[in-house]
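The values are calculated or read from the model by the stated rules, or taken from the named source; none is laboratory data. Because the structure is a prediction, the values reported are computed rather than measured. For neighbour counting, all protein chains shown are included, and Cβ atoms are generated from backbone atoms with ideal geometry for every residue, glycine included.
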Amino acid sequence: MIIPEAMTAGAPEHHHDQPPGAAARPVVVPRWVQLVVLPLAVVAIWTLARAAGPVLLVFIVAAVVALILNPLVSILQRYARLPRGLAVAVVYLGLLGTFVVAGFLLANPIANQANALQRDIPRLVRDANTELAHLQGWLDRRNVDIQVKRQGETAIQTLSRKLSGATGSVASTATTLLETVVTAGLGLVLVVVVSIYMLVYGERIGGLVRRGMPAGDGTPEDDYPSRVQAAVSGYVRGQLLFSLAMGAGAGVGLYVLGVLGVFPPGKAYALAFAIFLALMELIPYIGPVLGALPPMLVALFTNPLDVLWVGLFFVALQQVEGHIVAPQIFGHTLRVNPLLVIFALLTGAEIYGIVGALLALPIAAVLRETAIYLRRHLVLEPWGTVAATGANPMSAVGALPPPRACPECAAPAGADDVHCRRCGAALDVACPR
């Protein structure tokens, strides 16, 4: 049976003298490489990353996008028999069409709810002032010397004046805003273009990466590009599922609060709140807080006491998110220690802000797979000296057995070593002791 070349071009390679699935001999890293080359390589990479700046960010974002879309391209290649370039074009056109259709389907409901919220703002302000007046009367009847009404009305009126004058502020900074929009637009175009090239030449890039890494055993489970692809795909799959679950939970919960009369606007604006929270959940670390702000603000203007109930609802939702939903989803997809997740998010946010926080977890997943793969296929040449092969005086009385040694180079081996740390030869159970 002849297999098409397009289906095997990106397949894992293995040596002809080694059947697929056989353990590959690890690569031994000499001591001089550990002492000279590795430190210089780390310094060079760090210097290049600092010098590249935004260019590096564009390529990192494009690489993540390409890894996300690559499975769809591969499916079209395999089942629809499309050339890779045409498959990339179909995927991007399909993605664009999905966004357009979703925009048309969601535009009317979201616009209607947003317009209704805009029309209700004056009434919400009046209701808030009324509730504050009632609260002030309750405090005055109990001789509590707190002027809630005056302070609350002043704050609302000040907020209204600031909102009404926002148009002038935006107009005065139109030039800066335009420059920001143009820069972001050019960056987005560059990301799309670079990701398209990465997808078109994905098989060549995968082969180049595969030749630069230690050889695996020829199976997809021990192929470095395949492991990286699986790590990123697992993260994206888990993140999308997590966002949908949290958005649906918030929408249903706010709608129930609206039906019960606890938070009446929740029934009218449940869809808009749910979509906004689902989108904000894509932003790690601060996304849940941003997603809860719109309903909290609406509750504040409707009835200040409703803020308490809405706040309790989101606290409960965050508890469910942190203790049930997130562990169940990311525990099976990301496979990264929670401490490393927090460290990656903080580091990414410190380096590149929100974009860095978005890229932190997929990069952490890739680094995890890289560390596991190199740990499996690299052996560092030890710095200690080989022990003398003379007889051990303690062995005469059976106190200590002779040390384990490699059958090829006679280097000492640990009790749990599978390969020699000096020459990389396989160590079997019957290795001399």
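What the table shows:
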| item | result |
| --- | --- |
| Filter result for the condition that a residue is crowded, with 17+ Cβ neighbours inside 10 Å, of a type in the set (Val, Ile, Thr) and either within 30 Å of Cys420 (Cα to Cα) or at pLDDT 90 or above (or both), over Val43, Val33, Val73, Val37 | Val73 |
| Filtered residue count, segment 301-313, keeping only those that are assigned to a loop (DSSP other than H, G, I, E, B) and of a type in the set (A, V, I, L, M, F, W, C) | 1 |
| Ala316 vs. criteria assigned to a helix (DSSP H, G or I), among the small types (Gly, Ala, Ser), without any contact (Cβ under 8 Å) to a residue 60 or more places away in the chain and surrounded by fewer than 13 Cβ atoms within 10 Å (Cβ to Cβ) | yes |
| Boolean, Tyr235 is over 21 Å from the mean Cα position of the chain (by Cα), crowded, with 20+ Cβ neighbours inside 10 Å and among the hydroxyl-bearing types (Ser, Thr, Tyr) | no |
| Scan of segment 337-348 for residues that are crowded, with 19+ Cβ neighbours inside 10 Å and among the aliphatic types (A, V, I, L, M), ordered by number | Val341, Ala344, Leu345 |
| Test: residue in segment 228-244 that is of a type in the set (D, E, K, R) and under 22 Å from Phe313 (Cα atoms) | no |
| Residue list for segment 323-345, filter: of a type outside the set (Val, Ile, Thr) and free of Cβ contacts under 8 Å to residues at least 40 places away in the same chain | His323, Pro327, Gln328, Gly331, Asn337, Pro338, Leu339, Leu340, Phe343, Ala344 |
| Residue list for segment 290-313, restricted to those being buried (at least 16 other Cβ atoms within 10 Å of the Cβ) and within 16 Å of Met246 (Cα to Cα) | Gly291, Ala292, Pro294, Pro295, Val310, Phe313 |
| All positions within segment 46-93 that are without any contact (Cβ under 8 Å) to a residue 12 or more places away in the chain, more than 18 Å from Glu203 (Cβ to Cβ) and either in a helix (DSSP H, G or I) or touching a His at 6+ places or on another chain (Cβ under 8 Å) (or both) | Trp46, Thr47, Leu48, Ala49, Arg50, Ala51, Ala52, Val55, Leu56, Leu93 |
| Hey, Pro382 surrounded by 19 or more Cβ atoms within 10 Å (Cβ to Cβ) and at pLDDT 75 or above or not | no |
| Segment 253-277: number of residues that are surrounded by fewer than 21 Cβ atoms within 10 Å (Cβ to Cβ) and not in a helix (DSSP H, G or I) | 4 |
| Considering residues of segment 14-30 that are in contact with a helix residue (DSSP H, G or I) (Cβ under 9 Å, 6 or more places away or on another chain), among the hydrophobic types (A, V, I, L, M, F, W, C) and modelled with pLDDT of 70 or more only, the residue surrounded by the most Cβ atoms within 10 Å (Cβ to Cβ) | Val29 |
| Residues of segment 296-308 classified as touching a residue at least 12 places away in the same chain (Cβ under 8 Å) and out of contact with any Leu (no Cβ under 6 Å at 6 or more places or on another chain), total | 8 |
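Conditions tested, residue by residue: (1) under 43 Å from the mean Cα position of the chain (by Cα); (2) closer than 30 Å to Ser195 by Cα; (3) surrounded by 13 or more Cβ atoms within 10 Å (Cβ to Cβ); (4) at pLDDT 75 or above.
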{"site": "Arg84", "(1), (2), (3), (4)": "yes, yes, yes, yes"}
{"site": "Leu93", "(1), (2), (3), (4)": "yes, yes, no, yes"}
{"site": "Leu96", "(1), (2), (3), (4)": "yes, yes, no, yes"}
{"site": "Phe99", "(1), (2), (3), (4)": "yes, yes, no, yes"}
{"site": "Val125", "(1), (2), (3), (4)": "yes, no, yes, no"}
{"site": "Thr130", "(1), (2), (3), (4)": "no, no, no, no"}
{"site": "Leu135", "(1), (2), (3), (4)": "no, no, yes, no"}
{"site": "Gly152", "(1), (2), (3), (4)": "yes, no, yes, no"}
{"site": "Thr158", "(1), (2), (3), (4)": "yes, no, no, no"}
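A quick yes/no check of all residues on (1) of a type in the set (Ser, Thr, Tyr); (2) part of a helix (DSSP H, G or I); (3) within 18 Å of Phe273 (Cβ to Cβ); (4) at pLDDT 80 or above:
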{"site": "Leu290", "(1), (2), (3), (4)": "no, yes, yes, yes"}
{"site": "Gln328", "(1), (2), (3), (4)": "no, yes, no, no"}
{"site": "Arg335", "(1), (2), (3), (4)": "no, no, no, no"}
{"site": "Ile354", "(1), (2), (3), (4)": "no, yes, no, no"}
{"site": "Leu358", "(1), (2), (3), (4)": "no, yes, no, yes"}
{"site": "Ala364", "(1), (2), (3), (4)": "no, yes, no, yes"}
